[in-house]
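The values are calculated or read from the model by the stated rules, or taken from the named source; none is laboratory data. What you see is a predicted model; the values in this text were computed from it and never measured. Cβ sites come from the backbone with ideal geometry, for glycine too, and all protein chains shown count toward neighbours.
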Amino acid sequence: MAVAEFQNEYYDNSDLEEFSSQCGIDTVTVSSLVGSNSESYCTWGLEHCIESLLDIEYIGAVAQPIPLTVYYFSSYSLYDWIENLNDNSDPELVHSVSYGNDEAQQPNDYMYSCNTDFMKVGARGVSILFAAGDQGVWGREGTSGSIFHPDFPAVHHTLQQLEVLTLLQKVQLVMKLLGKMVVVVSQILSQFHHIKHQQLQHSNQTQLVYHHPATTTTVDVDILMYLHSLVK
C-alpha cells in the first residue's frame, strides 16, 4: 500500500512512534520512500507535516503489517504522481491520496490526462482511493451561487466518463438487436419444413420462399444455411 504527499508534507519517525504509543499499537513505519523526506521540517511548528502524518499514521494503524510506501513530490501535481506510478514496474496495489481541488480550479486537459492515466494503472489491478474533500458539496470555491462545486478527482464527472457510458449503451443496444435476430432466425428454422424450393427464372442461384402467416419472404439458401450454423 502507499500514500501520496506533496508540497513540504514530510513525516518524522518520532511523531509516528508517539502516535503508535498513544494508540497502543505496533509502531507505524514507512517501508520505502519515493522522493525525499525532511524530518527536521516537522519540528518547526504544529502546522508542518500534519497532512502527511495523518495519512501515514491512520493507514499504517488500520492496515498493519502491510508494507507502506510514501510517494513525495515537492510540487502539487497528481499528473506527475500518476505518471511516476505508471512507470513503476511493480506498483503497490492500493494507493491513498488525500488531495484534490474543485474542477473549476484545474484545466480540462490536465484532468483528462490524469483520468487517462488513472485508467491505465487501474487496468493493472491497482486501486486508488481519493479524499472527497474537506469543504462538503460547496468545495473550495465556497457557497457562492446555487450550484455545488464537484471535487477533482474524487467526484469528477468528465466527458470521458460520459463517452464510456455511451459506449456501454451502444453495446447493450447491439446485444438487444442480436438477440432479436436470433429469435427471427429461430422462427425461420422452426418452420423450415414449410419452406418451398423455387427456382427463379432471373437468377441461377437456388432460393427459398419462407411462408409466414403474415408475410412471404424470399431467402437465399446460402444465407439460411449460414444462419443455421450460427444458432444450431
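Annotations
- Failed condition for I25, given (1) among the aliphatic types (A, V, I, L, M); (2) surrounded by fewer than 15 Cβ atoms within 10 Å (Cβ to Cβ); (3) part of a helix (DSSP H, G or I): (3)
- Checked against (1) in contact (Cβ under 8 Å) with a residue 24 or more places away in the chain; (2) within 27 Å of A63 (Cα to Cα), E103 passes all but condition (2).
- E92 vs. criteria assigned by TED's automatic domain parsing to the domain that holds S36, at pLDDT 95 or above, surrounded by 12 or more Cβ atoms within 10 Å (Cβ to Cβ) and over 30 Å from S20 (Cα atoms): no
- When the criteria are applied in full, D102 meets the requirement of being at pLDDT below 85 and surrounded by 11 or more Cβ atoms within 10 Å (Cβ to Cβ).
- Selection within region 34-53 - in contact (Cβ under 8 Å) with a residue 12 or more places away in the chain and either assigned to a loop (DSSP other than H, G, I, E, B) or surrounded by 15 or more Cβ atoms within 10 Å (Cβ to Cβ) (or both): V34, G35, S36, N37, S38, Y41, C42, H48, C49, E51, S52, L53
- Boolean, E9 is touching a residue at least 12 places away in the same chain (Cβ under 8 Å) and touching a strand residue (DSSP E or B) at 6+ places or on another chain (Cβ under 9 Å): yes
- Qualifying residues in region 67-104 (those that are among the hydrophobic types (A, V, I, L, M, F, W, C), in contact with a helix residue (DSSP H, G or I) (Cβ under 7 Å, 6 or more places away or on another chain) and not in a loop (DSSP other than H, G, I, E, B)) - the one farthest from L129 (Cα to Cα): F73
- Taken together, the residues in region 75-87 that are without any contact (Cβ under 8 Å) to a residue 24 or more places away in the chain and surrounded by 13 or more Cβ atoms within 10 Å (Cβ to Cβ) amount to 1.
- Count of region 61-74 residues, restricted to those that are more than 25 Å from the chain's Cα centre (by Cα) and touching a residue at least 40 places away in the same chain (Cβ under 8 Å), is 2.
- Positions within region 72-92 being in contact with a Lys or Arg (Cβ under 9 Å, 6 or more places away or on another chain) and more than 30 Å from I147 (Cβ to Cβ), in sequence order: N86, P91
- Meets criteria (among the hydroxyl-bearing types (S, T, Y), in the same structural domain as P91 (by TED's automatic domain parsing), free of Cβ contacts under 8 Å to residues at least 40 places away in the same chain and closer than 23 Å to F130 by Cβ) for Y58: yes
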